[in-house]
6 protein chains.
Amino acid sequence: MPDNRIATVRPVEESEATGKVAAIFADIKKTKNINFVPDFWRVIAINPNQLEMVWTTLKSVMHPEAVGRTPRLDARTREIIALAVSATNGCAYCINSHTAALRKLGVDDETLGEIMSVVGLFNLTNSMANGYQVVPDVRPRVE
Amino acid sequence: MPDNRIATVRPVEESEATGKVAAIFADIKKTKNINFVPDFWRVIAINPNQLEMVWTTLKSVMHPEAVGRTPRLDARTREIIALAVSATNGCAYCINSHTAALRKLGVDDETLGEIMSVVGLFNLTNSMANGYQVVPDVRPRVE
Amino acid sequence: MPDNRIATVRPVEESEATGKVAAIFADIKKTKNINFVPDFWRVIAINPNQLEMVWTTLKSVMHPEAVGRTPRLDARTREIIALAVSATNGCAYCINSHTAALRKLGVDDETLGEIMSVVGLFNLTNSMANGYQVVPDVRPRVE
Amino acid sequence: MPDNRIATVRPVEESEATGKVAAIFADIKKTKNINFVPDFWRVIAINPNQLEMVWTTLKSVMHPEAVGRTPRLDARTREIIALAVSATNGCAYCINSHTAALRKLGVDDETLGEIMSVVGLFNLTNSMANGYQVVPDVRPRVE
Amino acid sequence: MPDNRIATVRPVEESEATGKVAAIFADIKKTKNINFVPDFWRVIAINPNQLEMVWTTLKSVMHPEAVGRTPRLDARTREIIALAVSATNGCAYCINSHTAALRKLGVDDETLGEIMSVVGLFNLTNSMANGYQVVPDVRPRVE
Amino acid sequence: MPDNRIATVRPVEESEATGKVAAIFADIKKTKNINFVPDFWRVIAINPNQLEMVWTTLKSVMHPEAVGRTPRLDARTREIIALAVSATNGCAYCINSHTAALRKLGVDDETLGEIMSVVGLFNLTNSMANGYQVVPDVRPRVE
């Protein structure tokens, strides 16, 4: 049984995009400096408002230079957070995408191993602190 | 009904620790340069092997200088990953602890807000990529 | 290496079902008005008590008309909840199954996009409210 | 030890808000027709860009009438999804907030019980379908 | 602001229970050999069908002797699984309840520590196996 | 498009392992009494410190006899916990691996069904206890 699905819905082909969807597809390619629209974006484009909402959010958080904002975190740190969240949630598409992004940013095996070691360690301590219901002993809010 | 629990078990008091537990408590205070043993460690000390296992792991990952290892990630990036994982898992103790650690490392409100914005964004995209079952379009493993 | 698994266990074939399992398989097909037993049910049938427990529960919650109960939620709303939970947990089988059920109920791309937008949004706010450990300001229980 | 924290950070008081933050606080109160700014928004306001990002997203998804969009889901269904996601993630603030919203929309105990029964059921089937690694038997994408 | 909530809803008092709810409350006390109805059951009793669904399921899985079934797992192993799942999900009520149940069954600190060590370890390996997207190398289904 | 990935990184081949990695690969095969290194270990070996950290932890928790420790839990109970955690997290590699390990330990379909029934049940009650924000009524810590 051949399985050529890429999602539970039929993604929007770049060639069939019009109006708001076409404009956002163009902005994704320009902002990310790539020559194709990744499947995630083609899939959520089945609802143009959804595409606009997610792209507006992601653009403002992950492409600060494109919206004229000076970020406090560099691109590598942002992608490390993205991978940490995605590994914790077990999202296959996201893990592949953010690992690829980190590779492009020059992250080698040694560094990737450190990232995943920290991710693994805190999934361990999280389940233990929850499992014993340890009450916070440090109160970050002072004043 | 007063509730003075700090966990589902009675934590080991520093004054009653002996042998392996006392030695690890001392190492925790020395390595972390603090003058008390945080509740998490006093709680898991109810089983000395458990305390040793978690401390050995955390020391090797989060205190590389103490084990003579040159890390690829700095302390701030490691704590950012810890907070990202803990926020995604909703672990109260851990969120408080790692937020406090980031404050000590000089992270201000603006930066904390960027960290949490990235965490929030990728919890959104994770649930969407999973929710549509988008298959990875980028294959990080080449060759 | 071909992979024709459909699970970590060998599902029960309809033709080999007897006794309680055969009766439940028949009830599943009748209640759901389908002419085959979905793999999920054939898999959990490896333990007849397990099959009975899950089917009894699902029948009472999702097929109220079959147990003579007047529901407060319609079938579409129930399947929307099912998809929201499954997307949040990242369960592939479940996401496919509930998306298919919504399609049968007439849900189009536009509506599916709204469902997933709401799911994505609240996975974002959940991780943020947890990540800052915001204490509830609204107490739903009055009196 | 008194604990009057409401978060790991000091929320922005309405009286001290200026510029973009003050404008968004006003828009939140107007759009939601309430006379105070809920703690969640005051907390994320520690970073004005974060506040803007989350509010823009939530306004477009949950207050379609305020952005001139005709929604496919009604307000009750959207809040039901919000509660289902929040219960699955175990976010205390969010569960309280969305339960309160459903109460305002007239949801009674009987209906709330049905919502939570569906949420509970599919957390059960999700863990089982994952636990046996059942491969999807239904392919929603037709064409 | 005093907070005497025990839930987002008002639990059903034992004294006000009638009909199906009263009968199930009685069965819970008898089956579990306790002289009060734990809050969880009083809360979900706001919807009698919900109470019946959950109690029927839990009774059949966790009290096999009460339904005339010979179990393959003993009570201690079942409660260990319950604690492992609850710690992984971070459910406070459940963690407290199942830890108490294990205490009643004679589980000491040493054993509790081993349980939580195994839970912590596999939350670590789960996030790493997911984080690298390792494909299963062992296929449990043979033939 | 053929997909022969086994991970987001290139695993270390046994034939190319040297030094610390080769020694740990040998210890894994000896301790587990198998004649190959499972993919998980070959993948995390891309960073030798990561391999050492995870193996040291897993060996001490899951192979107590190899480190001269007398365990309180038997091997079957430990693998049951591992499967319960992995099913709850939805980790495919881990579910396959621990199901295979339980098969080797003689767990039959009937017993596997009981394990998964308990896992499913408590994922249901967890989401409900969280969804209603039920406060713990049992306080395991006495004294």
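The values are calculated or read from the model by the stated rules, or taken from the named source; none is laboratory data. Model, not experiment: these values are computed from the prediction. Counting neighbours? That spans all protein chains shown, and the Cβs are built from the backbone with ideal geometry, glycine included.
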Report whether or not D:Ile44 is free of Cβ contacts under 8 Å to residues at least 60 places away in the same chain and farther than 25 Å from C:Asp108 by Cα.
yes
With (1) surrounded by 13 or more Cβ atoms within 10 Å (Cβ to Cβ); (2) among the hydroxyl-bearing types (Ser, Thr, Tyr); (3) farther than 23 Å from A:Asn123 by Cα as the list, and B:Thr18 as the residue in question, which single condition is left unmet?
(1)
Scan (1) at pLDDT 95 or above; (2) not assigned by TED's automatic domain parsing to the domain that holds A:Thr88 for the single condition A:Arg139 breaks and write down its number.
(1)
Being without any contact (Cβ under 8 Å) to a residue 12 or more places away in the chain and more than 7 Å from chain E (Cβ to nearest Cβ) is the filter here, so list the residues in the stretch D:107-119 that pass it.
D:Asp108, D:Thr111
For B:Ala92, are the conditions met, namely being under 19 Å from D:Ala92 (Cβ atoms) and within 7 Å of another protein chain (Cβ to nearest Cβ)?
yes
Of the residues A:Val21, A:Val107, A:Val67, which is within 17 Å of the chain's Cα centre (by Cα) and not acidic (Asp, Glu)?
A:Val107
Test: B:Ala101 is under 30 Å from D:Val12 (Cα atoms), within 14 Å of chain E (Cβ to nearest Cβ) and surrounded by fewer than 24 Cβ atoms within 10 Å (Cβ to Cβ)
no
A:Ala129 vs. criteria at pLDDT 95 or above and more than 12 Å from chain F (Cβ to nearest Cβ):
yes
Mind counting the residues in the stretch F:59-72 that are surrounded by fewer than 20 Cβ atoms within 10 Å (Cβ to Cβ) and within 28 Å of B:Leu73 (Cα to Cα)?
1
Give the residue that is farthest from D:Thr125 (Cα to Cα), with candidates limited to residues of the stretch F:67-84 that are within 14 Å of chain D (Cβ to nearest Cβ) and in contact with a Gly (Cβ under 9 Å, 6 or more places away or on another chain).
F:Leu83
Going by the structure shown, is A:Ile44 buried (at least 24 other Cβ atoms within 10 Å of the Cβ), touching a Phe, Trp or Tyr at 6+ places or on another chain (Cβ under 9 Å) and not aromatic (Phe, Trp, Tyr)?
yes
Would you mention how many residues in the stretch A:75-117 are of a type in the set (Phe, Trp, Tyr) and closer than 16 Å to B:Arg72 by Cα?
0
The lone exception for D:Met62 - which of (1) away from chain B (no Cβ under 12 Å); (2) of a type in the set (A, V, I, L, M); (3) without any contact (Cβ under 8 Å) to a residue 12 or more places away in the chain it fails
(3)
Take the stretch D:39-56 and flag every residue that is in contact with a Leu (Cβ under 6 Å, 6 or more places away or on another chain) and under 14 Å from C:Leu124 (Cα atoms).
D:Ile44
Return only the number of the condition from (1) surrounded by fewer than 20 Cβ atoms within 10 Å (Cβ to Cβ); (2) in contact (Cβ under 8 Å) with a residue 24 or more places away in the chain that D:Ala84 does not satisfy.
(1)
E:Ile34 - would you say it is at pLDDT below 95 and away from chain D (no Cβ under 14 Å)?
yes
Failed condition for B:Thr56, given (1) of a type in the set (S, T, N, Q); (2) in contact with a Ser or Thr (Cβ under 8 Å, 6 or more places away or on another chain); (3) crowded, with 20+ Cβ neighbours inside 10 Å, with all others met?
(3)
